[in-house]
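Presented below is the structure to which this report refers.
The values are calculated or read from the model by the stated rules, or taken from the named source; none is laboratory data. These numbers were taken from a predicted model, which means no experiment stands behind them. Neighbour counts are summed over all protein chains in view; Cβ atoms, including those assigned to glycine, are modelled from backbone coordinates with ideal geometry. Side chains are part of the model used for accessible areas, which takes the heavy atoms of the whole protein and leaves out ligands, DNA and RNA. Shrake-Rupley method; radii C 1.70, N 1.55, O 1.52, S 1.80 Å.
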Amino acid sequence: MVKIFSALLCVLLIMFSATSFGNGNSKEVKAAKIIKNANKVEEAFTSRGGMEGWTRVSFIIDKDGTTKDIVVFDYSGKDRYVKKVTKYIRNLQYSPALVNNKPVASAQTLFVKHTYSEAGHSEGSVTPAFAKEYQATIDALSSPTADMLSIKKSIDDLVEDHTKNLNEHALAAWLKSIYYYKNEEFLEYMRQSHITVDLYEHLPIAILAKSTVNLFQSQLYFGNFNGAAETLSRMGSVNGLNLSEETYQQFADALNAAKATESANVTKGQLSSLGAWSQFYEFSTFKVEVSQGNVDSVELRCNDYQQKYVEGWENKIEFPAHTSDCILLIRGDAGSTFDILEITS
């Protein structure tokens, strides 16, 4: 059963390893591991009814190995996948993470594909109906007199009526990224580029290459340097991209240059349609300023530390000393935008 679970999950975040700190203190961290899967094979979150989808989910593995505080913070738009992945994770039992051989609560964040096949890969192909509407929308976006309201409706209709499998989800995300870029909604453009790249196995190489560069550049622009580093790593590892050492170094230099700018202590974000946002984080002391909308809570989820703030996050939040592998989870009203500001003094 564990093998089935492993095949179904596409884990893009949270890898635990031994970590040493410069002040002489050391910390040996061992990752939590699945030891029991109480889900039945037929209840595994494979697709049913000719539909596929995806979810992003964060959860805590407690000291006793049980899962809790499950938060689905982004998804492909079908509520049943939110319920499926939540139920599935609740039925997992882990051996807890260990820090210096002592059990600790730990966090995991997963990008999960819900597929036709229990082998974890899509068996669907792009349908003629999808291909026709997709091409019509691409053509409309290319027009200098594009009617953005009409195009948005066409994209919504395409997703609702014809987007059934992961190949189509990947192309729909690519289509959305183009729309949001042209409509100057750049945070949503970055989100759709991220979805596109996460579904890289279901994309033509040419679109994957463009999406990866778009994601990298937008992550630099909005100060998401951990995300940019992950994207850069992916550029060098995905078959077909064939990134030369020289080109890879150019991207690495761009990342280092962006981190050295005066604005490098600000990260911008936007809550998803489920009212949540999450990413790896490294600022030791920071605050959250809401630009538009409403934020309800800010939560730190680390390899040996968790803390949720329902107030005070607009003033100051500090990571405990020696904490690593941290994710920042922000929740509130869907579409709310915010700045995360590093406090350096």
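With label points built 7 Å along Cα→Cβ from the Cα atoms of Glu282 and Ser345, find their separation and express it in nm.
That separation, rounded to one decimal, is 2.4 nm.
Under a 5 Å amide H to amide H cut-off, with H placed in plane at 1.01 Å, what residues pair with Asp296 once short-range neighbours are removed?
Correct list: Arg331, Gly332, Asp333.
Over the chain, with every protein chain in place, what whole percent of the accessible area is carbon and sulfur at 1.4 Å, could you tell me?
The C+S portion of the solvent-accessible surface of the chain is 48 percent.
How far apart, in nanometres, would the label points at Ser237 and Asn265 be if each is projected 7 angstrom from Cα along the Cα-to-Cβ direction?
Placing both labels 7 Å beyond Cα along the Cβ direction yields 3.2 nm.
Over the chain, with the other protein chains present, what is the accessible area per residue in square angstrom, probe 1.4 angstrom?
About 47 Å² of surface per residue is accessible.
Taking square-rooted eigenvalues a ≥ b ≥ c of the alpha carbon gyration tensor, is the range 230-294 rounded, prolate or oblate, where a/c under 1.5 means rounded and, failing that, a/b exceeding b/c means prolate?
Here the range 230-294 falls in the oblate category.
Please work out whether the range 157-290 counts as rounded, prolate or oblate from its C-alpha gyration tensor, where a ≥ b ≥ c are the square roots of the eigenvalues and a/c under 1.5 means rounded, while otherwise a/b larger than b/c means prolate and anything else oblate?
oblate
Summing -39500 (n - 2.57) over the DSSP H runs of n ≥ 4 in the chain and dividing by its residue number, what mean residue ellipticity at 222 nm do you reach, to the nearest 500 deg cm²/dmol?
-11500 deg cm²/dmol
Considering amide H positions built from the backbone, and no H for Pro or chain starts, which residues 5 or more places from Gln279, or on another chain, come under 5 Å of its amide H?
The answer is Leu328.
Please label the shape of the chain as rounded, prolate or oblate, based on the square roots a ≥ b ≥ c of the eigenvalues of the alpha-carbon gyration tensor (a/c under 1.5 means rounded; beyond that, a/b larger than b/c means prolate, else oblate).
The shape class here is oblate.
What is the gain in length, in nm to one decimal, between Asn315 and Asp157 on full extension, counting 0.36 nm per residue of separation less the C-alpha to C-alpha distance?
Extra length from Asn315 to Asp157 when fully extended: 52.6 nm.
Rounded to whole Hz and in sequence order, give me ³J(HN,Hα) for the range 270-278 from the Karplus expression 6.51 cos²θ - 1.76 cosθ + 1.60, θ = phi - 60°, writing x for Gly and Pro.
My calculation for the range 270-278 gives 9, 6, 6, 5, 8, x, 8, 7, 8 Hz in order.
Based on the mean of other Cβ atoms within 10 Å per residue, sort peptides 214-222, 260-268 so the most packed one is first.
Ranked by mean Cβ neighbours within 10 Å, highest first: 214-222, 260-268.
Hey, which aspartates and glutamates would be in cross-link range of Lys33, C-alpha to C-alpha under 19 Å, not counting anything within fewer than 8 residues on its own chain?
Of all the aspartates and glutamates, those that pass the test against Lys33 - Cα under 19 Å, at least 8 places apart if same chain - are Asp62, Asp64, Asp69, Asp304, Asp325.
Based on the mean of other beta carbon atoms within 10 Å per residue, what is the order of 269-276, 249-256, 164-171, most packed first?
164-171, 269-276, 249-256
Could you give the distance between the Cα centres of the range 295-345 and the range 168-200, to the whole Å?
So the two Cα centres are separated by 26 Å.
Quote the relative contact order of the range 266-345 in percent (integer), defining contacts as alpha-carbon pairs under 8 Å separated by 6+ residues.
Result for the range 266-345 is 52 percent.
Taking amide H positions as placed in the peptide plane 1.01 Å from N, state which residues far from Glu52 in sequence (5 or more) or on other chains have amide H under 5 Å from it.
Amide H neighbours of Glu52, under 5 Å, 5+ apart: Asn165.
Can you put Glu299, Glu282, Glu314 in order of accessible area, largest first, using a 1.4 Å probe?
From most exposed to least exposed: Glu282, Glu314, Glu299.
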